Amino acid sequence: MGEEVVPVYAQGFYVVSPGVVNMVIIFDFMDRGQHYAKLLRRGGEELEREISTLWENMQRFIDEEIVRINGQRVRPVIHDVYIALRGSPTRPYITFIGSFPAPLREGENLYENYYEEETAEYDYEAVWVLPEGAEVFEWHFGGEVETPEPNILRVAVTKGIHVGGREYIKFRWRPGGGTAEQRG
């Protein structure tokens, strides 16, 4: 591959609805050798193989995690993968689109993710958008956490932070109830 392709940032968006969590995970890279730009220009079977390899590797990675909602193990699945450039042949990004079941219930809910502890190798963020009527009241993540709205949780992790083990979000959900502010 010549010069190394190095991850520099990632974002994960998790939109929770009754029955399903849809996820979009984007990895940004520095690619001084322009490996991905050249691959995108060539296209064809070589590009298809790379996408297939990325897809399989990401699926294997998330299969190693244990994800539970309300004590029930759920399995995230990758549905699509694509590679593109951010305005420069040295700045590729890879997008993974997937989902997993969300057996929500009225009242208290618990999302848990268990994965190997590690030190973050690059900055990243995860944004959780819970359904209308949900209100986050407890969480545990490595990094800085904020809840700009009762049903939105944002985690910002900087390179070098210890992450992993057990991460969780506890939230109350009142279907059709709107957020606490909307209910007055």
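Where a number appears in this text, it was derived from the coordinates with a stated rule and is not lab data. Bear in mind the structure is a predicted one, so any value in this text is a computation, not a measurement. We place every Cβ from the backbone using ideal geometry, glycine too, and count neighbours over all the protein chains shown.
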> How do the strands (runs of 3 or more DSSP E) wholly within the range 1-96 filter down when requiring 1 or more residues that are under 30 Å from residue 160 (Cβ atoms) and of a type in the set (Asp, Glu): which remain?
Replying inline: 19-30
>> For the range 1-53, give me each residue that is under 19 Å from residue 67 (Cβ atoms) and aromatic (Phe, Trp, Tyr).
In response: 13, 14
>> Looking at the range 93-116 only, could you name the residues that are among the aliphatic types (A, V, I, L, M) and under 13 Å from residue 21 (Cα atoms)?
In response: 97, 102, 104
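Is it the case that some residue within the range 153-163 is more than 26 Å from residue 60 (Cβ to Cβ) and touching a Phe, Trp or Tyr at 6+ places or on another chain (Cβ under 6 Å)? Spell out the reasoning first.
So in the range 153-163, the residues more than 26 Å from residue 60 (Cβ to Cβ) come out as 153-154, 156, 158.
Okay, now just the ones that are also touching a Phe, Trp or Tyr at 6+ places or on another chain (Cβ under 6 Å), so 153.
Yes; the residues of the range 153-163 include at least one that is more than 26 Å from residue 60 (Cβ to Cβ) and touching a Phe, Trp or Tyr at 6+ places or on another chain (Cβ under 6 Å).
Tell me which residues, restricted to the range 31-52, are among the hydroxyl-bearing types (Ser, Thr, Tyr) and over 9 Å from residue 89 (Cα atoms).
Once the filter is applied, which keeps residues that are among the hydroxyl-bearing types (Ser, Thr, Tyr) and over 9 Å from residue 89 (Cα atoms), the range 31-52 yields only 52.
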> Of all residues in the range 117-152, how many are touching a residue at least 60 places away in the same chain (Cβ under 8 Å) and farther than 21 Å from residue 19 by Cα?
Replying inline: 5
> Which one of the conditions (1) buried (at least 16 other Cβ atoms within 10 Å of the Cβ); (2) touching a strand residue (DSSP E or B) at 6+ places or on another chain (Cβ under 6 Å) does residue 89 fail to meet, given that it meets all the rest?
Replying inline: (2)
>> Can you pull out every residue in the range 52-84 that is of a type in the set (A, V, I, L, M) and surrounded by fewer than 16 Cβ atoms within 10 Å (Cβ to Cβ)?
In response: 66, 77, 84
